[in-house]
Each structure stands twice: as structure tokens, then as C-alpha cells.
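Engineer: Below you will find the structure I want to go over with you.
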Amino acid sequence: MLSVFVGAVAIAGAVFLLMPRRQRLAQLSGRPANQLEPEAIGGWLARRKDKPESPEQQFAHALRTLAAELRAGSTPLDSLERAAGARVPWPWALSAARFGDSIEVGLLRDAREDPRLGRYLRQLAACWHVGTTQGAGLANTIERLAGGVKAQLELEATLNSELAAPRATGRLLALLPLVGIAMGYMLGADPLAWFVGSISGAVTFTLAVLLTGVGAVWSRRIVRRVESGIG
């Protein structure tokens, strides 16, 4: 009876992990899946995890504030200072603005110093170059960049949600051999003794380890390839 109960629990856990994210949230929140809007899902997850904004999200907010300050007629120095917030994403650009140096060069240095925000800072430097040298609307260009950053973050969030099931499948497949060994002991057998004490057991154990490792690496490579497709 104990082995049957353990097997049922394992199957139920596997089914839950393999559910799409929306259905898992519906099970946890007690609401139908078709009534969970994306905003509601995001709010529910935020309340559950109490997770602060990522640097990318903070940078998108800073870009929108920067565009609003420039559109209101503030100087580049004042705009950069007011938009920076608690975590200054462009310290070298801010220093350059204070001393009358090139803000574009400062942004490029910030991009080198901050690999996580580097691509966005380089894009901001390009916007600054176009806005100051060719007379294009700097505020409008930066606001479009903020919209692009926000769209990129939403795409990455959607991708992470869709990849949750493949990741869970990989973890589940890696743990299944251990579950099988544990159930063997519950049934009164000695799987490890058979693996170590016989040639057929050793061959089976070696093949199982190799196949499990290949499966885990293969699943991880598939997930990483999908993730790199939007990077």
C-alpha cells in the first residue's frame, strides 16, 4: 500500500509540474484558467514571490522618465539625475554631463561596465548620438527605446513561462531513477546491491546513468537554444 501511495504522489506531482503555467496558477488560485488575465497572473505572482523589479525593468522606467524630463525642457544633466533613481544605471554619463564631457561616450563606458544592461545602454548612446548630431527628437527616440525594452522584457517573460514545462520535465526525468530505486527498497528489493554485484546490473546502471545524463544535457541545450533565439 505504501508503494502504491508513493507512486500516486509521484504521478500527481509529475502531472502538476507538466501542466502549462496558466493551469498551474488556476489550480493554486482556485479560479478557472480562462479567467486568469496576464495582468492578474503577474499581480498574483508578484504577491506570492514579493519579487522586486529587475534592473532591466528599472532601466525601462528610467528611460520613460528621462524622455519625459527632456520633453518638459529639462537640461540633459537634470534629466539624467532625475531619471536615475536609487540605482543609477548611467554613472559615467551622469559624470560626463556634470563636467561638460560627451554623454554619448559616458553611456558607452557605462555599457562596458554593466554587461547586464550593456545592450540597452549602447542603444541609448546611439539614440543620444542621433538626437544631438542630426537634430532628431531625442525625447521621442528615447521613448521608443523604452517601449522596445519593455516589449523585450515581456517577450522574455512569456518565453520563460512557456519553457517552465520543459524545464520541469528535465528535472523530473533526472529524478525518476532515484524514485525507482527508492520504490525498489520499499518493495523489499535491493537495487543497489544488484547494480554493484552483477555484470548485468553494472551494465544496466552504466547505461541508465549515461542515458539520463544525455537526456538532461539534450533538454538543457534545447531550452538554451530557444532562449538565445531572442537574446
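Engineer: Expressed as a rounded percentage, what relative contact order does segment 82-126 have, with Cα pairs under 8 Å and six or more residues apart?
Structural biologist: 30
Engineer: I want to verify the translational diffusion coefficient of segment 144-197 in µm²/s; compute it with Stokes-Einstein, Rh as the Kirkwood radius over Cα pairs, at 10 °C and 1.306 mPa s.
Structural biologist: 109
Engineer: Something else: Need the full-extension length gain, residue 113 to residue 151, defined as separation in residues times 0.36 nm minus the C-alpha distance. One decimal, nm.
Structural biologist: 11.3 nm
Engineer: Using Cβ counts within 10 Å as a stand-in for footprinting exposure, how do 212, 206 rank, fewest first?
Structural biologist: Exposure proxy ranking, most exposed first: 206, 212.
Engineer: Measure off 7 Å from each Cα along the Cα-to-Cβ vector at residue 98 and residue 190, then give the distance between these two points in nanometres to one decimal.
Structural biologist: Simple spin-label model gives 7.3 nm for this pair.
Engineer: In percent, how large is the relative contact order of segment 155-231, given Cα pairs closer than 8 Å and 6 or more residues apart?
Structural biologist: About 43 percent, as a whole number.
Engineer: With 10 angstrom as the radius, rank 90, 218, 194 by how many other C-beta atoms surround their C-beta, starting from the fewest.
Structural biologist: 218, 194, 90
Engineer: Sorting check: for 99-108, 154-163, which peptide has the highest mean count of neighbouring beta carbons within 10 Å, and how do the rest follow?
Structural biologist: Most protected by this proxy first, the peptides run 99-108, 154-163.
Engineer: Among 187, 160, 75, which residue has its Cα furthest toward the positive end of the charge dipole of segment 74-231, with +1 on Lys/Arg Cβ and -1 on Asp/Glu Cβ?
Structural biologist: 187
Engineer: Sticking with this one: Fewest first, what order do 79, 198 take by the number of other Cβ atoms within 10 Å?
Structural biologist: Ranking 79, 198 by Cβ neighbours within 10 Å, fewest first, gives 198, 79.
Where a number appears in this text, it was derived from the coordinates with a stated rule and is not lab data. Computed from a predicted model, the values in this text were never measured in an experiment. Here the Cβ is made from the backbone with ideal geometry for all residues, glycine too, and neighbour counts use every protein chain on show.
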